[in-house]
Amino acid sequence: MFQVFTDLASWLVVDIFGLSKATKLGDALHFFIEDTTKIFFLLLVMIYAIALLRASMNIERVRDYLADKHKGVGYLLGSSFGAITPFCSCSSIPVFLGFTSAGIPVGITMSFLITSPLINEVAVLLLLSLLGWKFTVLYVVVGMSVGILGGVFLDAIKAERWLQSFAAKALAQGKNTSSEKAKRTAALSLKERHAFAKQEMLEIFSRVWKWVIIGVGLGSALHGFVPDGWIQAHLGDGQWWSVPAAVLLGIPLYSNATGVIPVMEGLIKQGLPIGTTLAFCMSTVAASFPEFILLKQVMQWRLLAVIFVLLLIAFTLIGWIFNFLTPFI
């Protein structure tokens, strides 16, 4: 599905600009064009689709199921949905906005947002061929656990109070929608539903498009210009400090779970411990600067800081655990 964006980027970089993807500039520009067009497409399609769905169904039933009756199941479902959706961290944000507007609790939404960039079916298949089924199963379980526990913690500290005003307002409106209003919404004509979804799509897109360009631009610059072999040379030989160092080193970088698997393979072949490698790659995928630049549009700094510290602690613990278990698996 996303091959068209890769082909578009290749056409622009190679045929129009006359650059080679083998050069640092060509690689960075290709990354920027591919990810920007893909994220813009996902923003428009996902916001429209979720808004259309909200206008077509009784979203309060879904919200009540997730929020009140089976909240524990809600965290699991949010994390599971994140695991089966092929989104990177930045691409997951449109869905986060849609969930928030539907009144679904922040913790359940964050379970999705944390898990989605860490796990997808392509990454699982690549990991299976690289590390075997035991490590792959453990990776999936740990990745989903990070999402679920992160969601539980954020709900426990009432993280919704630190959303940006428009997101908090959307969440409050979603929670307070009455049954009578839900019935009226479900009775809208197809034309009225389309008008509602279009307005929602344009309003949210106008708020975040510039931050997509800034975030992906930063990620593409780092993606194209970090020297080859630099990471392997600076992560140590398995000492305890190499795991938190790897996590911190991964923060400025940006990739998706599929794109980071070949990096993992290269690091492991260079002799880097598996736990240190996983900690670095998780940080690159789910705690990068570009993602947090985008998240700033829907979250206040305090919530961003909480999520940031939560992820750094989780990834460091995961790295230590995997390094400890490696001799026994």
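Each reported figure results from applying straightforward, stated rules to the coordinates on display, with no laboratory input. Predicted model only: the values in this text are computed from it and were never measured. Every residue, glycine as well, gets a Cβ built from its backbone with ideal geometry; the counts of neighbours run over all protein chains shown.
Things to note:
- Extension reserve of the LEU317-PHE2 stretch, reckoned as 0.36 nm per residue once the Cα distance is removed: 110.0 nm
- Placed amide H near MET299: partners under 5 Å, 5+ positions off or other chain: GLN164
- Fewest-first ordering of MET282, MET264 by other beta carbons within 10 Å of each residue's beta carbon gives MET264, MET282.
- Each of the peptides 148-161, 98-111 was scored by the mean count of other Cβ atoms within 10 Å over its residues; in descending order, highest first, they stand as 98-111, 148-161.
- Taking label points 7 Å from Cα along the Cα-to-Cβ direction, LEU25 and PHE166 give a separation of 3.6 nm.
- Listed residue pairs exceeding 29 Å between alpha carbons, taken from LYS21/LYS198; LYS158/LYS296; LYS169/LYS198; LYS169/LYS210; LYS24/LYS210; LYS71/LYS169: LYS21/LYS198
- Neighbour-count ranking [beta-carbon atoms within 10 angstrom, fewest first] of PHE292, PHE31: PHE292, PHE31
- Placing dummy labels 7 Å off each Cα toward the beta-carbon, the span from ARG302 to LYS158 is 1.0 nm.
- Neighbour counting of Cβ atoms within 10 Å sorts the residues THR6, THR36, THR115, fewest neighbours leading, into THR6, THR36, THR115.
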